[in-house]
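This report refers to the structure that appears directly beneath it.
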Amino acid sequence: MKIVTKKAQREHLKRNEEKWSQTLMAAGWTALPSVILERQQGLGLEPLDLNILLQLARHWWYSDKLPYPSKKTIAACIGVHESTVRKRIARMEADGLIQRIERYKADGGQLSNFYSFDGLIKSASPYAEEVLETRKKRRAEDADRIRRKRPKKLTLVPQPADE
């Protein structure tokens, strides 16, 4: 795993500020691996599911502190009914992408659930590994092309004659 220095983090934030503006970035931002966006169909995620995941991720600041926004809060942010959010979360849980973990007050009253992304991380990891392997092969091909002293001879495949 690559260690990121404080200086590198500041540079990355500066680049994002250049793209999105300092004002928007100062108001808050959310990190989500690109592979989840790229492979949402393969993961079985519909657009509404992805929107819900973004809302959950917006509340996940530390790896050891799971997010716990209420379904009512999520629904208000994305403009759907709370029951819609409840159904979509239940489906993503049934698909093994997220896990709801119940929270309770000291007096036994229920609080909003914690949400774990372990299933989504596990499901998306093979896609990420595929991306990394493709990148590695591409870099090796680029390095080989740079070192080569002569161009590769291309083999032309004869095309069938039109009749």
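Contact order, relative form, for the chain: 15 percent (alpha carbon pairs under 8 Å, 6 or more residues apart, mean separation divided by residue count).
Shape class of the stretch 84-135 from the Cα gyration tensor (axes a ≥ b ≥ c, square roots of the eigenvalues): prolate, since a/c reaches 1.5 or more and a/b is larger than b/c. Treating cross-link reach as a plain straight distance, find the aspartates and glutamates whose alpha-carbon is under 16 Å from the alpha-carbon of residue 137, omitting any fewer than eight places away in the same chain. In chain and number order, the partners are 129. For a straight C-alpha distance cut-off of 18 angstrom, no lysines are reachable from residue 149 once same-chain residues fewer than eight places away are disregarded. Among 51-61, 129-139, the peptide with the highest mean count of other Cβ atoms within 10 Å heads the list, and the full ranking is 51-61, 129-139.
For the listed residue pairs 65/105; 7/72; 14/87, the alpha carbons are over 29 angstrom apart in 7/72; 14/87. Equivalent ellipsoid of the stretch 63-159: semi-axes from √(5λ) of the C-alpha gyration tensor, largest first, are 50, 17, 11 Å.
The per residue volume of the convex hull around the alpha-carbon atoms of the stretch 1-112 is 162 Å³. To the nearest ten degrees, helix 118-147 and the longest principal axis of the Cα atoms of the chain are 20 degrees apart. Using the rule -39500 (n - 2.57) for each DSSP H run of four or more residues, divided by the residues of the chain, the 222 nm mean residue ellipticity is -17000 deg cm²/dmol.
Read the figures in this text as sums done on the coordinates, not as results from a lab. This one's a predicted model, so the numbers in the text were calculated from it and none came from an experiment. Methodologically, a virtual Cβ is constructed for each residue, glycine included, from the backbone with ideal geometry; neighbour enumeration extends over all protein chains shown.
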